[in-house]
1. If you put +1 on each Lys and Arg Cβ and -1 on each Asp and Glu Cβ, how big is the dipole of region 37-89 around its Cα centre, in Debye rounded to 20?
2. I need the shape label for region 37-89. Rule: rounded when a/c is under 1.5, else prolate if a/b > b/c, else oblate, with a, b, c from the alpha carbon gyration tensor.
3. So if each residue of separation counts as 0.36 nm, and I subtract the Cα-Cα distance between GLN80 and ARG62, what length gain in nm does that give?
Amino acid sequence: MISFTSLAYSAILWTATPSPEPSVYPEYNGDVNLVTPGVIGFLGTLFIAVATLLIVVDMNRRVRRVRYRALAQEAILSEQAAADAADAADASGAVDVADESSATSDADDQLPANNATDGDDSTTQRAD
C-alpha cells in the first residue's frame, strides 16, 4: 500500500514543477495596446454595418407595404359591402315598384332609372 507521506510528497512535487503547455499562438512580447485589426478589420466591420443597415431599411419597407396593402384591402372590402348593400336595397325597392306597377298600365314610367355613369364601379384594382 501507498503511505500517506508518499502521496503527500508526490502531490507537492506534482504541483511544484510546472509542465510547459504547448500554445497554438506564439508569445507576443510587444506592446499589447499597439495591436489593431488594421484596415482589413475596419473594412470588414464597415461592410457588416452597412449591410445590416440596408437589410433593416429593406425589411421596414416591405413590412410597411404589407401593412398598407392590408389596410387598402379592408377599405376595398368595406366599400364593396356598402355598394352591395346599396344595390340590394335598390333592387328590393325596384322589385316593389315593379310589383306595384304591374297593376297599373304605365310600368315603364314608374321604374327607377339605373345610372351607369354615377362613378360607382364594382370592379376593384390592386393598390400597388
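Bear in mind that the values in this text are calculations on the coordinates, not laboratory data. Just so you know, these numbers come straight off a predicted model, no measurement behind them. Cβ: placed from backbone, ideal geometry, glycine included. Neighbour counts: every protein chain shown.
1. Working: 6 positive and 5 negative charges, 85 e Å.
Around 400 debye, computed over region 37-89.
2. Numbers: a/c = 14.02, a/b = 12.93, b/c = 1.08.
It is prolate, given that a/c is not under 1.5 and a/b is the larger ratio.
3. Values: separation 18, 0.36 × 18 = 6.48 nm, distance 2.67 nm.
Contour length minus Cα-Cα distance gives 3.8 nm.
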